[in-house]
Amino acid sequence: MAQKFSIVRTVVQFRQYINEWREAGFSVGLVPTMGALHEGHFSLVDRSVAENDRTCVTLFVNPKQFIPNEDFDVYPRNEAADSKALKGRLVALLYAPPLDEMYPEGYITSVSVPGIGEILEGKFRPGFFTGVATVISKLLIQSSADRAYFGEKDYQQLRVIERMAADLDIPAEIIGCPTV
């Protein structure tokens, strides 16, 4: 059965949808992305759709996970193509907040996962996993998702997110999915 596909840009709008779904007894799956969607992302979406009553995909290019001289300014962004691709996949909601919605003026809080976030890739990209943990913690809290889906391709990132969610008592089940 086809669902209505909607796009929201504010936390208030996002939570309104989630609250309506909760009142109806629906489970919620979350697939956080930075856009430029491809088959790997779609495999996460398909899994969420199969395991939840409603699936939300987020599209936010997070500046907090880029270090100086990385590709933030040229990171591919094509919301129209991404949203068109999601419409046919039974996604109920695309949350595409602007930068100032995620990090309003004066925002200073960050979430770090010492140890695991400072080795391997973290050693060469200082602050990267703090940026990841910060935005994912916000998205998990904003969405109140039952389950959130991440590719095993980014294995260290998956482990950072699992540890962060456990340490902060975020009740979403973090699900690692095979690399596609």
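Angle of helix 155-167 to the longest C-alpha principal axis of the chain, folded into 0 to 90 degrees and rounded to 10: 80°. Comparing Y95, Y75, Y107 in a Gaussian network model of the chain where C-alpha atoms under 10 Å apart are linked, the largest mean-square fluctuation is found at Y107.
Counting other Cβ atoms within 10 Å, keep those with at most 16, restrict to DSSP loop, and tell me which chymotrypsin sites (Phe, Trp or Tyr not before Pro) in region 8-46 are left.
Taking region 8-46 and a limit of 16 other Cβ atoms within 10 Å, the loop chymotrypsin sites (Phe, Trp or Tyr not before Pro) found are F26.
Here the Gaussian network model covers the chain, with springs between Cα atoms less than 10 Å apart; of G122, G35, G106, G106 fluctuates the most.
Estimated at 0.36 nm per residue, the fully extended path between D100 and I119 surpasses their Cα-Cα distance by 3.8 nm.
Here region 1-68 and region 154-174 have alpha carbon centers that stand 17 Å from each other. Distances between placed amide hydrogens fall under 5 Å for T58 paired with V31, T33, Y95, all partners being 5 or more residues away or on another chain.
In this structure, the amide hydrogen of S6, modeled 1.01 Å from its nitrogen in the peptide plane, lies closer than 5 angstrom to those of L93, L94, counting only residues at least 5 positions away or on a different chain.
A 1.4 Å probe, protein heavy atoms only, puts the accessible area of I7 near 70 Å².
On a 0 to 90 degree scale, rounded to 10, what angle separates helix 11-23 from the longest Cα axis of the chain? Approximately 50 degrees, to the nearest 10. Segment F5..K84, full-extension length gain: 27.4 nm, with 0.36 nm per residue of separation and the alpha-carbon distance subtracted.
Cβ under 11 Å from R22's Cβ, R22 left aside: what net charge do those residues give with Lys, Arg +1 and Asp, Glu -1? Residues close to R22 contribute a combined charge of -2. The GluC sites (Glu not before Pro) of region 86-180 that meet both conditions, a loop assignment by DSSP and at most 10 other Cβ atoms within 10 Å of the site Cβ, are E105.
For region 1-50, just say rounded, prolate or oblate: build the C-alpha gyration tensor, square-root its eigenvalues into a ≥ b ≥ c, call rounded for a/c under 1.5, and beyond that prolate if a/b exceeds b/c, oblate if not.
Note, shape of region 1-50 comes out oblate.
My understanding is that a pair violates if its Cα-Cα distance is over 22 Å; which of K64/K138; K4/K153; K84/K138; K4/K84 do that in this structure? With Cα atoms farther than 22 Å apart: K4/K153; K84/K138.
Any idea what diffusion coefficient region 87-155 gets from Stokes-Einstein, in µm²/s, Kirkwood Rh on alpha carbon pairs, 10 °C, 1.306 mPa s?
Values: Rh = 14.2 Å.
It comes out at roughly 112 µm²/s.
Only the Cβ atoms of Lys and Arg (+1) and of Asp and Glu (-1) were treated as charged; on that basis the dipole of the chain about its Cα centre amounts to roughly 280 debye.
For L37, L86, what's the largest-to-smallest order of accessible area, 1.4 Å probe?
Working: L37 30, L86 0 Å².
Heavy-atom accessible area, descending, gives L37, L86.
How do D167, D154 stack up against each other in accessible area, from largest to smallest, with a 1.4 angstrom probe?
On the way: D167 90, D154 65 Å².
Solvent-accessible surface, decreasing: D167, D154.
Seen against the Cα atoms of the chain and their longest principal axis, helix 39-51 is set at about 50 degrees. Think of region 74-180 as a dipole: +1 on every Lys or Arg Cβ, -1 on every Asp or Glu Cβ, centred on the Cα centre; then among Y107, L94, S144, L94 lies furthest on the positive end.
The values are calculated or read from the model by the stated rules, or taken from the named source; none is laboratory data. Only a predicted model underlies this, so the values are computations on that prediction, with no experimental measurement involved. Every residue, glycine among them, receives a Cβ derived from its backbone with ideal geometry; neighbour counts consider all protein chains shown. Surface areas here come from the heavy atoms of the whole protein model, side chains and all, with no ligands, DNA or RNA. Shrake-Rupley method; radii C 1.70, N 1.55, O 1.52, S 1.80 Å.
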